[in-house]
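See below for the structure under consideration.
The values are calculated or read from the model by the stated rules, or taken from the named source; none is laboratory data. Just so it is clear, the model here is predicted, and its values are computed rather than measured. Positions of Cβ are backbone-derived with ideal geometry, glycine not excepted, and every protein chain shown enters the neighbour counts.
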Amino acid sequence: MSIVCRGNSGAELVKSVLMQHIFLFFTPVTDEGLGTLSKVSVILENMRVAACYTALFFFPWALMHSYRLLKPNRWKFYRAKLATFAVYVAWLVVCATVFNVNITLLPFTTLVFCVRIYVNAPQARFLVVGIVTAAIEMATLVLMTMSTLKTEAKLRETSYVQYRTRHVGFALFRWISTRFFVLLITCGVLVALCQPIGGYRMSVIAGHDDDLAYWYPLRVATVDTFLVAWMTITAYLMLPSTTSVPTRAKRGYGAIPRDEQPIAYKTTGDKENDFNCFVMDTQVLAFNFAWLAYYAGTEKINTVDLNECEILGLVCDGSRDIQAMVGKTSTRLVVAFRGTTTLRNMKLDVKISWSQVGNVFKALENNTAHSCKRAKVHSGFSKAYKGISSQLKSKLYASGDAKSLPILVTGHSLGGALATLFAFDLVLDDSDVGKRLSVTTFGSPKVGNNYFRRMYDDRVRSHWRVELAPDMITRLPLAPYVHVGKQALITESNDLLLDPSHLDVHINQQKRALLRSHKKSSYLIALKSWCEKQHGDLYLPTFLAFPIKDSSSKGLFQLSEDRVSMEFLGKSERASTSSRRSSSSSFRDSPVPEHVSILWRRLAESVALRLEAEVNA
């Protein structure tokens with residue numbers, strides 16, 4: 001909106017100045033024929049616009065950029081930003097001195113106002129101001145977006161655990177800033193489109209002194225409120241978690257003492273079944289049996305050296321193609337379920353209607369508790385489980401060791417969902433089993449609603465859901481389905497997050513969702529890559545010799561060294577021995593820290609030596 005002030009009286013001059021400072025914070029203001037007081041107001045308004053540009057563009061741009069700097073900042077960090085800021089300030093001066101127009105506070109509203117003014121009073125200067133201002137604002141926004149994308153790519157190459165604070169801070173600040181910008185620009189453009197133009201508003205406001213008390217709060221409730229709220233929230237969230245304030249106000253959340261927690265390996269006795277103890281040897285044993293469940297009853301079982309694993313029996317439901325097996329090691333009994341392999345299994349997977357737990361588990365048939373009535377599970381999974389539950393429990397207890405040895409229940413994909421139902425059924429039949437029962441699933445979908453989750457977690461002490469971050473099956477079915485147990489998330493940067501927060505999961509799962517990341521071979525690559533990345537030859541659990549690809553003559557897991565961060569996409573499967581021995585120091589073809597390059601070279605040498613030893617043997 002353009003206001004041309006032609007009055008000569010002091011009262012009219014004061015009113016025009018008040019209008020510029022109190023009412024028109026979304027509008028450009030021309031300055032023709034005003035006195036010294038008006039000139040001062042123009043200077044102050046331009047300073048205000050420059051400060052607003054700093055808050056809206058310079059600060060977010062610099063902060064987004066800083067998240068990808070793993071070393072102290074240098075002066076070059078501000079070079080591009082200061083140059084852009086200087087261009088913007090110079091343009092403010094040109095607009096005020098040459099074109100006699102003040103630029104609005106909000107991005108892209110100047111163009112809207114100038115076009116509307118030009119339609120009512122065709123003057124080329126308004127088009128020039130609007131177009132050039134919009135071009136500068138758009139160029140700045142493009143540079144900010146490019147910087148944000150570079151930061152995202154850089155952080156993707158780093159270890160999430162090592163730089164967790166940067167990952168979390170960047171994701172949170174980007175989430176807030178993006179929504180703030182969209183809301184602010186939308187409101188500004190709407191005001192620019194709806195606000196009256198020209199002398200109509202001037203005559204209405206200038207003729208009523210009482211309107212000043214009414215219009216002044218509107219100014220505070222518009223752009224100032226947005227800016228103050230955004231800066232306050234941003235500053236609050238960026239505080240360290242240990243920061244305290246002189247008032248009694250408390251932060252709504254706290255940070256764990258350390259981002260990295262030690263992993264327990266060979267632990268025995270009750271500690272092994274402790275709810276919060278993640279034992280890698282136990283998880284690898286569970287994975288071995290989860291894969292064997294696919295081979296049991298086929299000729300493939302004869303191609304695998306079972307080592308200490310023993311298969312006691314097999315239970316099948318031919319009508320639904322459901323299969324489970326009972327196995328044993330020297331220290332425990334294992335029940336493993338096969339995942340989705342046939343079209344009949346897929347039909348069960350997509351039956352996402354509800355089944356009440358009383359109709360699935362006999363122990364809950366007569367339970368009239370409110371929570372039991374509201375607890376429901378996936379109807380397809382429940383039908384599949386009911387077809388083999390009785391036979392499987394009989395097969396388990398027929399071993400004679402079910403009353404004394406720890407019991408490990410496992411499965412991959414659909415097998416993980418069935419393992420969840422079976423573990424819950426065992427505990428319902430005998431609560432003492434829960435003290436010896438542990439559950440580990442791989443790529444399991446969600447099984448029931450929140451009421452079922454509460455009942456399950458109250459009874460099953462140890463349940464770990466091993467998931468790959470890009471695995472899309474673990475995110476299905478959608479709400480109100482929820483997961484049970486504790487999550488062990490393996491990220492694309494090959495980090496293992498135990499019981500991560502919702503924010504950690506969101507950051508690592510938002511990148512992509514892939515169906516091929518659900519394969520057993522992807523989980524084998526992930527687990528083995530993590531062990532080799534963290535410990536090299538010092539520690540490697542006993543993985544059975546499962547072939548990653550049936551057509552591969554190499555057979556065992558192969559580490560792709562130009563992708564130590566691991567893609568889960570089968571690229572590790574296609575890596576040749578020559579590429580394994582080649583020298584590289586990049587994540588996604590970009591430089592990495594020196595300590596990561598040293599780690600990669602050590603892994604490359606260890607894998608090459610191991611392959612040579614296998615060939616010689």
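At a glance:
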| read-out | value |
| --- | --- |
| Region 417-465, subset under 25 Å from the mean Cα position of the chain (by Cα) and of a type in the set (D, E, K, R), residue nearest to ALA384 (Cα to Cα) | LYS446 |
| Set ALA293, ALA369, ALA286: member being small (Gly, Ala, Ser) and touching a Lys or Arg at 6+ places or on another chain (Cβ under 7 Å) | ALA293 |
| Which numbered condition HIS506 fails, given (1) over 22 Å from the mean Cα position of the chain (by Cα); (2) assigned by TED's automatic domain parsing to the domain that holds PHE278; (3) of a type outside the set (Asp, Glu) | (1) |
| Sole residue being closer than 20 Å to ASP349 by Cβ and not basic (Lys, Arg), chosen from LEU437, LEU428, LEU478 | LEU478 |
| Qualifying residue in region 520-527 (condition: within 20 Å of ARG338 (Cα to Cα), among the basic types (Lys, Arg) and out of contact with any Cys (no Cβ under 7 Å at 6 or more places or on another chain)) | yes |
| Answer residue from region 163-196, given it is over 23 Å from the mean Cα position of the chain (by Cα) and surrounded by fewer than 17 Cβ atoms within 10 Å (Cβ to Cβ) and is nearest to LEU141 (Cα to Cα) among those | THR186 |
| Number of the condition not met by GLU492 [criteria: (1) more than 14 Å from the chain's Cα centre (by Cα); (2) among the acidic types (Asp, Glu); (3) at pLDDT below 90] | (1) |
| Pairs with Cβ under 9 Å, 6+ apart, first in region 81-105 and closer than 11 Å to TYR53 by Cα, second part of a helix (DSSP H, G or I) and basic (Lys, Arg) | LEU105/ARG48 |
| Those strands (runs of 3 or more DSSP E) lying entirely in region 282-347 with at least 2 residues within 26 Å of LYS383 (Cβ to Cβ) and under 37 Å from the mean Cα position of the chain (by Cα) | 322-328, 333-337 |
| Flag if ALA384 is touching a residue at least 24 places away in the same chain (Cβ under 8 Å), within 41 Å of the chain's Cα centre (by Cα), over 20 Å from LEU476 (Cβ atoms) and assigned by TED's automatic domain parsing to the domain that holds PHE452 | no |
